[in-house]
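Below: one structure, written as structure tokens.
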Ligand SMILES: [Cu+2]
């Protein structure tokens, strides 16, 4: 089973530092259910000035078909979005927030 270990290591490396903190169980669950794929992207959000702004951003992003969950961090000025990559894209999600008055940029 040396081969399996090598493949796993390569996959882990390619995931990069940002996703390295993801619990292994979550990664396994995602690859096991490829048909219901979920991507997670964090967006930098501009113009959030008060506690109500994150709610507007969240509602705008949740209105995009394919978006599964939105977590807005007011302090960090970010929104972390889980979505079905077969139904929508980071560009569409960013556009929804931008159209609501909060320009969003996917972070890489
Ligand atoms: Cu506000």
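Inter-label distance, residue 68 to residue 80: 1.4 nm, where each label sits 7 Å from its Cα along the C-beta direction.
Placing pseudo-labels 7 Å out from each Cα toward the beta carbon at residue 89 and residue 108 gives an inter-label distance of 1.5 nm. Per residue, the convex hull spanned by the Cα atoms of segment 34-108 measures out at 71 cubic angstrom.
Values in this text are rule-based calculations from the coordinates and carry no lab data. Since we're looking at a predicted model, the values are computed, not measured. Please note: Cβ atoms are built from the backbone with ideal geometry, for glycine as well, and neighbour counts cover all protein chains shown.
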